[in-house]
Structure formats: C-alpha cells, structure tokens
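Worksheet: the structure to be examined is printed underneath.
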Number of protein chains: 2
Amino acid sequence: MLKNAVSFSHDLLKQTIVPGDLVIDATVGNGNDTILLAQLTGSRGTVIGFDIQASAIEKTRQKLLLTGLGERVTLHQVGHENAESYLPKNKEIGAIIYNLGYLPGGDKSITTLKDSTIKSIVSLLPHLRIGSLLIIVIYSGHPAGTEEKDALLQFSEQLDQKEFSVLRYQFINQKNEPPFIIAIERRK
Amino acid sequence: MLKNAVSFSHDLLKQTIVPGDLVIDATVGNGNDTILLAQLTGSRGTVIGFDIQASAIEKTRQKLLLTGLGERVTLHQVGHENAESYLPKNKEIGAIIYNLGYLPGGDKSITTLKDSTIKSIVSLLPHLRIGSLLIIVIYSGHPAGTEEKDALLQFSEQLDQKEFSVLRYQFINQKNEPPFIIAIERRK
C-alpha cells in the first residue's frame, strides 16, 4: 500500500515530466531510471545522463539499444558535479534525479560523495523549470553514506522556502536503512 | 506539484478505503475528514468519529445533514483513547485518521495530548485490516505539540517492521512547522 522510496520517486517523475522535456539522470547506474526518463520525455524529448563508471555507461547503452530509446538519450562518463557544462543553452530542465550510493552489482568502494553531490545540485537547481522537481534517492547504508545523508539534509533544510519546497519521504521503523527521498520543488 | 500533508493524507485515504468499510475519524474537528471518509466508505459503509468538544461534534453533525451523509456516520463526544469500546465486534477497520493539535477556530488551549493519543493508537492498531493504514497528521506548532510529536515519532520508530511499515512525509525547509504525516501500514 505505502510506496517504497524508488516507486514514489517514479511517481514523482511521472507527475513532473511532460513530453518534449529535457531531463537529467545525474547518476545513470544500471540505467533503470534512464529508461523511464526516456519513456516519459517521449520522442521529442532529451535525457542527459552522467556516471563516472564506464561499466554503468556501457550497461545503460545496451539497455537503450534493446529498448530502441537511444536516440533521445546522451550519456557522459563524467561526474555529475560537471553536469552544468553539458546542458544545452536556454533550455529549462523538466526533472532531475539522483540515486546516491554505489553501483548495484559494481565496485562498492566507488560511491557518490557529499561534496560533489551538493556541488552538482547547486549547479543544476537554477536550470530547473518552476514547478518541477529535483529528486534525490538516498542510500546511506555504506561507509560514506551517513556523511552524505547528513550533509544533504542540512543543505536542503536551509533552502529558502519562498524559492523551494523540500519534502522528505522516509520509512522510519526499518533497521537496515532503506533508501529515502528528498524531493526539491522549484517554486519561483 | 508536491502535495501538502493534508492533501497527501487524503490520497492515502482514497487508496486504502474500499466501499463498505468501517473507518475511524479519531479527531472529528470541523468534520472535513469525516465527510471525506463518509464519501469513500459509501452507502454501505460506516464512519465512527470521536471528539471531546461539543462544538466539533455539533459542527460536523450540521455538515453531515447538509451533505446527506449522516446515516453512515456515528459521532461520539468521547476522547479517542476510549475509541476501542465503541467498535462493532468482529469487524476490521479499513482506515483510521488522526488530525492532532487544536480545533481550528476553537479553543486553542484544548489540544490532543501524547499519552491519550498513543493509548488510542495502540488500542486501534490491532483492529486495522492487513494492508490498511492508520494516518496521523501532526500539527506541532502549539505548546504541547512538540512533546506530542517527539513521543509519536519515538513510538512509531520502534514498531516492529515485520508487522508495520511506518512512513514519515514531511516538508523540512519551512519555518512555521507545517503539519506532517506519520502513516502506519499494518503488514500482518
């Protein structure tokens, strides 16, 4: 009945993206969200995806080939803290998603890190369309995860409420730190 | 885009209630949720509502008269810590909702309190249908509110995850303590 964090993040993406949008997958990973974004943004839309790991980019490219969605997706093997320089000029972003932590099935010592994650968010938020969402799915059950989680909560709690609404969606009685969501809506 | 707490609580009610259900409004207040519950449970359903204040019961009775939904609703001017003794025998509950704090437009010194609220929740949870929800909308911006909020979080965080899923839905960058939600799903 209650949706888990990943399922709720997909609901939010479906609500915020309209066909033709430019959308950002800031952490491509195994490409599951990239595929969903490509479906939601449609044949006239654009997905730009970032990941520092070659294996993530390669897996996602294969998934895109199989689904025939490749034409609307551009992948960059680049850290998301550099994402802004890959944006087209004068085009608002319809949605941005981060799945933090490590690559499932990959090298667990390679994780997102608080400084580059926050740098990336700060650089992309001004490009977000008013009324649209930047969604962060936080997996904090790895060594650098608690630090990243705390830094993100601290960062997002101080965002000006006139400019942004920040929602926390979290299951709070589970022992093994399931993922939770911070969703940031640009208000003006 | 992001739904506020009250709107999200209504979405959850719509998802959990099926026509014919028995549902509980543990804090009738001005009757807005009572009306919604009566609509969702349908002509064969039953709403049982509780409030300690005569003015709340009276206002809600009038609203029910105007909407023609009165036949499916029973109101008791009784604290919700006594709710269990008003339940029909051998009938599962389809949804339970609490709106904590004071009566809007009423005497702000009369508020829900942590001990009776938790006593009420503990007594009603075993009657909840598996898969259904107990939803708490928490207004903590009054003197007893912080204490009640902290006690409820502590209580719900320790609910056994095999038996319950507990979701917290909260806007975290707003200065004036807007309401937030704790939703408890019974899993077995």
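Throughout, read-outs are computed from the coordinates displayed, never taken from laboratory work. What you see is a predicted model, and the numbers here were worked out from it, not measured in a lab. Here Cβ is always computed from backbone atoms with ideal geometry, including for glycine, and neighbour counts include all displayed protein chains.
Values as computed for the structure displayed
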{"item": "Least to most buried among A:Ile48, A:Ile57 (fewest other Cβ within 10 Å first)", "result": "A:Ile57, A:Ile48"}
{"item": "Mean-position separation - Cα centroids, region A:6-77 and region B:133-182, in angstrom", "result": "35 Å"}
{"item": "Size descriptor, Kirkwood hydrodynamic radius, that averages inverse alpha-carbon separations across the protein assembly as shown, Å", "result": "22.3 Å"}
{"item": "Relative contact order (%) - criterion: Cα under 8 Å, at least six apart; region: chain A", "result": "21 percent"}
{"item": "Cβ-derived FRET efficiency at R0 35 Å, A:Ser123 paired with A:Gln174, nearest 0.05", "result": "0.60"}
{"item": "Sequence-distant aspartates and glutamates (8 or more away, or on other chains) whose Cα lies within less than 19 Å of A:Lys162", "result": "A:Glu185, B:Glu177"}
{"item": "Charge sum, other residues only, whose C-beta stays under 11 Å from B:Glu163's C-beta, Lys/Arg counted +1 and Asp/Glu -1", "result": "+2"}
{"item": "Rule-of-thumb Rg ratio for region B:5-186 [Cα; 2.2 N^0.38 Å; N residues]", "result": "0.96"}
{"item": "Average silhouette area of region A:4-77, convex hull of alpha-carbon atoms, in square nanometres", "result": "4.4 nm²"}
{"item": "Over 23 Å (Cα to Cα) - which of A:Lys3/B:Lys91; A:Lys89/A:Lys119; A:Lys119/A:Lys149 fall in this group", "result": "A:Lys3/B:Lys91"}
{"item": "Antiparallel DSSP beta bridges within region B:5-186, as percent of all bridges there, nearest 5", "result": "40 percent"}
{"item": "Value of [θ]222 nm, deg cm²/dmol, for the protein assembly as shown, DSSP H segments ≥ 4, -39500 (n - 2.57) each, nearest 500", "result": "-10000 deg cm²/dmol"}
{"item": "Dimensionless Rg ratio for region B:78-188, taking C-alpha atoms and the 2.2 N^0.38 Å reference", "result": "1.08"}
{"item": "Cβ nearest the rotation axis (B onto A), residue from chain B and distance to the nearest whole Å", "result": "B:Tyr169, 3"}
{"item": "Label distances, nm, B:Lys175 versus same residue in remaining copies, Cβ-directed 7 Å point", "result": "4.3"}
